[in-house]
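*Asks:* This is the structure I have questions about; it appears just below.
Rule-based calculations on the coordinates, nothing more; no lab input. Not measured: the values here are computed from a predicted model. All Cβ positions, glycine included, derive from the backbone under ideal geometry; neighbour counts span all protein chains shown.
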Amino acid sequence: MTEKPILTLEDAKRIAAAAQAEALRNDWRVVIAIVDDGGHLMYLQRNHDTQFGSVETAIRKAHAAVAFQRPTKVSEDAVLSGRLIHLSLPGVIPAEGGVPLQIDSVVVGGLGISGVRSSQDGQIAAAGLAALTVD
């Protein structure tokens, strides 16, 4: 039988806390969404004054990062370089801010950030991702 690592709720909370700390350092209001390896929502955090339109966007970024097992920035860069096929792929969000979460090179979930500029969402996601590897 194969064994694989899993993303725990404690992991999700630690990732979200690191992402939130980065957002607060920059006075950015965002939504933080974390999904498991099947793309199902595990944890969601929304600042009280963040636009509600970012809720679904953050979830979809996290889901896309798991589904395609790569950061959503890959699709953003592809679209910006003229590879418009990415716009027709199901579930693709061509905007930075979604990253796959990996443990021992296995995708165990995804993190999605939405609420500020795409590159800022990506900066916050990177901070959250870094917390996964801290024990």
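*Asks:* Compute the relative contact order of the range 9-130 as a whole-number percentage, counting only Cα pairs closer than 8 Å that sit 6 or more residues apart in sequence.
*Replies:* Over the range 9-130, the number comes to 30 percent.
*Asks:* Taking a cut-off of 19 Å, what percent of all Cα-Cα pairs in the chain are separated by more than that?
*Replies:* On the way: 3864 of 9045 pairs.
Roughly 43 percent, rounded to a whole number.
*Asks:* Next question, about the same structure. Pick out which of Asp104, Asp36, Asp11 has the largest mean-square fluctuation in a Gaussian network model of the chain, springs linking Cα atoms closer than 10 Å.
*Replies:* Residue with maximal mean-square fluctuation among Asp104, Asp36, Asp11: Asp104.
*Asks:* Under a Cβ-only charge scheme (Lys and Arg +1, Asp and Glu -1), can you give me the dipole magnitude of the chain about the Cα centre, in debye to the nearest 20?
*Replies:* Computed about the Cα centre, the dipole is about 300 debye.
*Asks:* Please say if the range 43-95 is rounded, prolate or oblate, where rounded means a/c under 1.5 for a ≥ b ≥ c the square roots of the C-alpha gyration tensor eigenvalues, and otherwise the choice is prolate for a/b larger than b/c and oblate otherwise? Can you show the working numbers first?
*Replies:* Values: a/c = 2.71, a/b = 1.94, b/c = 1.40.
Prolate, because a/c is 1.5 or more and a/b exceeds b/c.
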